[in-house]
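Written below as structure tokens is the structure these notes are about.
FYI, it's all coordinate maths here, none of it is from the lab. All values derive from a computational prediction rather than experimental measurement. Using ideal geometry, Cβ is built from the backbone for each residue, glycine included, and neighbour counts are taken over all protein chains shown.
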Amino acid sequence: MMVGDKTGQAVGRGALRTFCVSGMGTALEFYDFVIYGYAAALVFPQVFFPGMDKLVATLIAFAAFGTGFFARPVGGMVFGHFGDKYGRQKVLVATLLLMGASTFLIGCLPGYGSIGVAAPALLVVLRLIQGFAAGGEWGGAALFGIEQAPEGRRGLWGSFTSMGIGIGFLLGAGVFAIISEATNNQLADFAWRIPFWLGGLLVLVGMYARMRNLGQHGDSHAKAGKLPLLEVLRHHPRALLLSAGVAFGYITIAYIGSTFLVSYATQLGYSDAQSLVFDLINSATIIVSAPLCGHLSDKYGRKPVMIFGAVAMAAWFFAFFPLVQLKQWELTLFAYGMVGVLMGVTQGPIPAFLGEQFPRRVRYSGISSAYQLGAALGGGTASSIATAILILTNKSPLGVALYGAAALALLALCSYGLRETARLSLQDIDEQQPARPRATRPASA
């Protein structure tokens, strides 16, 4: 009994330390990333793109938002390379530091009225730096969780990263909602800068948590070859392509379900503060549903949970828009809450599911490249495409629902094509992967 108690306490302490590294660090990093999305929806059209139709200016602001996504695959490749060759620890600290610095500087930028076109140009440059840092963050944090997990809990421990993203969204929406309410919805004057400055300071807290807790874990990686990504392309192209498809489908929905829907609520006449409250509900439900569904993927398999989540979310999109258009507060809260619940069904298992498709020696390069490629193609365009669909269809949301359903169909199909890994140990996964070519082979007995 004493041994069992000590074992349980050790697992609990390990889970808490892992959550501090992969969960809370990611929360602070994605807080920085998310507040840019909120500002693009609510503030940047006036500050950096004035004098335009509101919907068109929002479209341009989302396009600037999307530029950061195209830096994410580069960040994933670069940080994945160093993470596979030299370990996860230094990379996880570097990504957080880079994100915090770029976020703080965005809060210092003058607007278009002060320096003209240089203002949006500098905004895009800092957004690219944000995207580059985020490209290396998610994969390293996810792998730290699943590689430290006890057997049978990789889905749950991997979901710490998904919880961190939800917490980051919650913090970002909460800060914007409080500041918007405190300034009587006058975010564009000055108040929009405060969340960016606060994000830069909060990253210091995340840095402390990571540097303190990373040292208590062994740095779980295997020595990779000179170019781990080349090995992924050579030996695991199918896993890379299908994993990118899963990421594309999920991230498309994630940014329709957060950034675009914040803007959509304001188009219907809700105030900025009300639309951010809706996103608070969305984010809070993800924090609960993601770990639950990560646990369910340990119990029932990754693929069934992922496919169910895709189908359920696609169906809900066609109910969501009619409910929100009724403009009844309780129904709208429920609609946004269900978006968060169903997003969490796929978000929870994704870290383990994608990480388990690659062997340890190239796992950081594999998961980061696949996920960030999907992020660039999906998240980088989702809000812009959804807004453009509204413009082209005279503000009818049916086209947006069809667009979301198509992305989820791709997620389901690619999930079906990947192998089921929930019942395998990491050692089994490594042994089933094609071996790296060797210069010499031992002679047969």
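The Cα atoms of the chain give a gyration tensor whose axes a ≥ b ≥ c have a/c of 1.5 or more with a/b greater than b/c, which makes the shape prolate. Placing a label point 7 Å from the Cα of Glu420 along the Cα-to-Cβ line, the residues of the range 277-311 whose backbone N sits under 20 Å from it are 293-311. Peptides 341-351, 37-47, 314-324 ordered by packing proxy, namely the average of other Cβ atoms within 10 Å per residue, highest first: 341-351, 37-47, 314-324.
Counting each DSSP H run of 4 or more residues in the chain as -39500 (n - 2.57), what helix-only mean residue ellipticity at 222 nm follows after dividing by all residues, to the nearest 500 deg cm²/dmol? Kindly include the intermediate steps, with their values, before the conclusion.
Working: 20 runs with 341 residues, N = 445.
Result for the chain: -25500 deg cm²/dmol, rounded to the nearest 500.
Here the range 222-326 is assigned +1 on the Cβ of each Lys and Arg and -1 on the Cβ of each Asp and Glu. Its dipole about the Cα centre then comes out at about 660 debye. Counting only Cβ charges, +1 for Lys and Arg and -1 for Asp and Glu, the dipole size of the chain around its Cα centre is about 1320 debye.
Using only the Cα atoms of the range 107-193, build the gyration tensor, take square roots of its eigenvalues as a ≥ b ≥ c, and label the shape rounded, prolate or oblate: rounded if a/c is under 1.5, else prolate if a/b is larger than b/c, else oblate.
Numbers: a/c = 6.42, a/b = 1.88, b/c = 3.42.
The shape class here is oblate.
Please give the FRET efficiency for Leu204 paired with Ala121, using the beta carbon to beta carbon distance and R0 = 45 Å, rounded to the nearest 0.05. With a Förster radius of 45 Å, E is 0.95. Each part gets one Cα centre, and for the range 279-325 versus the range 22-77 those centres are 24 Å apart. In a reduced charge model with +1 at each Lys and Arg Cβ and -1 at each Asp and Glu Cβ, the range 77-188 shows a dipole moment near 180 debye about its Cα centre.
Cβ under 14 Å from Gly380's Cβ, Gly380 left aside: what net charge do those residues give with Lys, Arg +1 and Asp, Glu -1? Residues near Gly380 contribute +2 overall. For Thr67 and Leu398, the difference between the fully extended length at 0.36 nm per residue and the C-alpha to C-alpha distance is 116.5 nm. Between Tyr371, Val203, Leu171, the Cα set farthest toward the positive side of the dipole of the chain (charges on each charged residue's Cβ, about the Cα centre) is that of Tyr371. The distance between label points at Asp428 and Ala315 comes to 3.1 nm (points 7 Å beyond Cα on the Cα→Cβ vector).
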